């Protein structure tokens, strides 16, 4: 019994489970359908009905579990548009979905971040990759912020009191919350700026589906930004009430940047047609709030975003119309009539066997009621038929209205296309007119060029003589080019005028569009009036239901109403047919206008192509004339160089001669002209339009190259045989390379590859040979020798003074840094160097005095410059000796500095001392050549020279002594070696001695060669110098001493004889 009683409850539970399962399956199918329709790879905006179903699904299941179960399977890496729509749907779910969707999204935080990171490093042709990356970062920031501050919902719609409680009283928390709101706002603004940067701000972009696909997510961005701006203002005023203004300077600057960015974004969005029907965008104040003034908070107005009521995008299925008369209620009434009559008869009627005429009345009334019921059924059927016809007519009208809307959309797109085609047509017209103007100018230039070409043909033989005329014509060409530029400026002004006309035509098309829109609105209002009339018909039919009792009187009213409705329907049909005819007429007129525009466009394109072909022909003709001019110049340049080459073998030219200096000047000028030819060639190759620069450079180059070749041959006549042969060969090589380069300029095929580098190399070789042929010692003019002597003596004195000053500085520095033995050695070396510098300074003064005596005694009536010029060899020797003394003093100071700082060698200081001694001896010898034997100043000079030698020896001695003191010598201990090892060490030491002797011998040979080369470069020896100046060496003059110590070959190193040391135990 218990089991039998429990059966109904079990059946009921199973039925409930099955119903719930069916509902769940239906819900999941509906969610899957909405998600697949909302998130796809089609570049169209998200439909609100799909997003609304997804959001309602989150409220139904109190979370986003179903959404994420399907979203994780979406192929987001395959399409940027798919990822973009996914981010848009997720943003809407976070804002408008159930509050538990935030936790579900937080579980998939890594998937969102990976999607953004994937598209960060990827680029697509539609530009969605960057937008997806920024949108994913925004969603991650949004999820993190609302997870951390759970009191603030993802829709950001909280009261000021809740915001105050969230911020708290701790100023650190307020500061941190402000920074997080700033980061939140930055993520929103970066996405908005990236979208607007990719889109054109024209009306066409915001009305096309591709533009709307990118603009759709900005609605949520606008909603978020309005709240975030309000929160930022509130939090900053609270911070300024608790913290000093200087601390919040960075916050204010960041807020000002966000304010201007947000204002710019809202202004741009407000001007777009797409947003005008979807959202009411707030306006921000002209200037940001002044947070330094607390009363400014009262002036702040929270920006409000208003979303208007959206139109239903899907048609709802209409319910079945209720019948005008309920038949089920009529039958019980008819059935109750006999019962009521029986009750009446029982109470008040006559006996059963009696007869009453009321029975006849009752029967008659029953028949009338039956007739009325039949008539009523007939009326109900006709009313139902009329209602069905009216519903069908309403559906057809709505379909026609939808077709009109689609036609309107197509008309808008066609208008936009026609506007773009009209703009292209106007641009082509402008280009056509500019080309026509250029054509006229080109014809003028062609005529002028043809005249110049005829003159060139007539005067081809006199091209060199008429070079100036060619230059003048090139200048005329430049003027014509400037005139062409002015013409182009006039064309630009014409383009601006045509653009103004295009704008006017665009305004006219916009006016036509407004008229069409007004007509569409009128049709809409008429349809609404029809719907109202239909509603009135329905109400009248309902009233006819209520007046069933007065059926006789209402029949006529129904018939009249039927006639009136029939007439109204016929009128509306006539109006609809007339509207269709008007729409067809307008469409045909638009099609005709479009065809006419296309024909005009084709005609203009044909004319434009014709003008372009003519322009190309004229341009080609001008290029050919420029190339012909270049050919004439190249031919004349070849004639000039060939004439110069012919003079090389001309017997008359053998008697001609030239100096190396003039040859050098010509070669340098030729190198400059080659560079100009190279520059002109590169400029001509770029455009092949203007050959003026190359023509001028070739003309100058041909003359200078021929001059260089002729003067090189003339210089070779006076040069030694070796130099003459080389110079003549290089001149011929220069001529050959020049002719080869000019030959390559004659052909268009080899014109671009022509290179004058070989000419430069040949001219440079001629220049080097010319410099080699210049006489030694003539680098300075003879008129300048006198001044050079004084300058060099003054420079030597200055160098010695500088050396003394540097030695004093080194002395002071070493006293600070060094101590002990090192200080003693440094002081001894620096003191000896100071003494040597003082002795050299006395020597230079004595030499200067003796030189003045020689000049005064030997110049006679001539001037000092004339005396030096007459005795140029002696003067050059004196200058060389003075330079050597100054250089030696500088080198000695540098060597002493290195020795004191432990970065140099003591041997360098010794060599510098010997070099100074040799330089002073050279200065004394140069001064003694022309001095009087009994001169007192000569004795002073000799005494100063001996003092210099003594000081140099002192420097050498102090250097060697210091070296012995400073350097540690290892003691030689051979007590632990056996006889064999000693013999082996002895052999190794002998090998090392022989190696060092070989190296010493090689260095001595190298030193001898260096000195020999130095003598060659410095000039003739001293004995020849005395003979050239008319003086013989004095018999009493001492003979040159033997070779200095540095040139003597030392004795061979012997085996060291070192006594054995006793071992200390």
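Test residue 110 against the stated conditions and say whether it is part of a loop (DSSP other than H, G, I, E, B) and either surrounded by 15 or more Cβ atoms within 10 Å (Cβ to Cβ) or outside the structural domain of residue 245 (by TED's automatic domain parsing) (or both). Criteria not met by residue 110. Checking each residue in the range 786-815 for being surrounded by fewer than 13 Cβ atoms within 10 Å (Cβ to Cβ) and modelled with pLDDT under 75 picks out no residue at all.
Yes or no, residue by residue, for (1) touching a strand residue (DSSP E or B) at 6+ places or on another chain (Cβ under 6 Å); (2) crowded, with 19+ Cβ neighbours inside 10 Å; (3) assigned by TED's automatic domain parsing to the domain that holds residue 817; (4) at pLDDT 80 or above:
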site: 900; (1), (2), (3), (4): no, yes, yes, no
site: 903; (1), (2), (3), (4): no, no, yes, no
site: 940; (1), (2), (3), (4): no, no, yes, yes
site: 977; (1), (2), (3), (4): no, no, no, no
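Here's the yes/no breakdown for (1) buried (at least 17 other Cβ atoms within 10 Å of the Cβ); (2) under 30 Å from residue 385 (Cα atoms); (3) modelled with pLDDT of 85 or more:
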{"position": "261", "(1), (2), (3)": "yes, no, yes"}
{"position": "267", "(1), (2), (3)": "no, no, yes"}
{"position": "279", "(1), (2), (3)": "yes, no, yes"}
{"position": "283", "(1), (2), (3)": "no, no, yes"}
{"position": "286", "(1), (2), (3)": "no, no, yes"}
{"position": "298", "(1), (2), (3)": "no, no, no"}
{"position": "306", "(1), (2), (3)": "no, no, no"}
{"position": "313", "(1), (2), (3)": "no, yes, no"}
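When residue 655 is tested against (1) touching a helix residue (DSSP H, G or I) at 6+ places or on another chain (Cβ under 8 Å); (2) farther than 19 Å from residue 746 by Cβ, exactly one condition is not met: (1).
For the range 445-455, residues that are surrounded by fewer than 12 Cβ atoms within 10 Å (Cβ to Cβ) and within 11 Å of residue 618 (Cβ to Cβ) total 1.
Within the range 193-211, identify whether any single residue is modelled with pLDDT of 90 or more, closer than 18 Å to residue 289 by Cβ and in contact with a helix residue (DSSP H, G or I) (Cβ under 9 Å, 6 or more places away or on another chain), and answer yes or no. Scanning the range 193-211 turns up no residue that is modelled with pLDDT of 90 or more, closer than 18 Å to residue 289 by Cβ and in contact with a helix residue (DSSP H, G or I) (Cβ under 9 Å, 6 or more places away or on another chain). Selection of helices (runs of 4 or more DSSP H) fully inside the range 681-757 by the criterion of at least 3 residues being within 38 Å of the chain's Cα centre (by Cα) and at pLDDT below 90 returns 692-716, 748-751. Every test in (1) more than 60 Å from the chain's Cα centre (by Cα); (2) over 15 Å from residue 832 (Cα atoms) is passed by residue 903 save one, and that test is (1). If you go through the range 815-829 and keep only what is more than 20 Å from residue 839 (Cβ to Cβ) and over 57 Å from the mean Cα position of the chain (by Cα), you end up with 815, 816, 818, 819, 820, 821, 822, 823, 824, 825, 826.
Results for (1) crowded, with 21+ Cβ neighbours inside 10 Å; (2) farther than 15 Å from residue 138 by Cα; (3) free of Cβ contacts under 8 Å to residues at least 60 places away in the same chain; (4) not assigned by TED's automatic domain parsing to the domain that holds residue 234, shown as yes or no for each residue.
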| site | (1), (2), (3), (4) |
| --- | --- |
| 162 | no, yes, yes, no |
| 168 | no, yes, yes, no |
| 173 | no, yes, yes, no |
| 185 | yes, no, no, no |
| 190 | no, no, yes, no |
| 195 | yes, no, no, no |
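Only one of the listed residues (529, 446) is within 51 Å of the chain's Cα centre (by Cα), part of a helix (DSSP H, G or I) and at pLDDT 70 or above. That residue is 446.
The values are calculated or read from the model by the stated rules, or taken from the named source; none is laboratory data. Note that this is a predicted model, so its numbers are computed, not measured. Every residue, glycine as well, gets a Cβ built from its backbone with ideal geometry; the counts of neighbours run over all protein chains shown.
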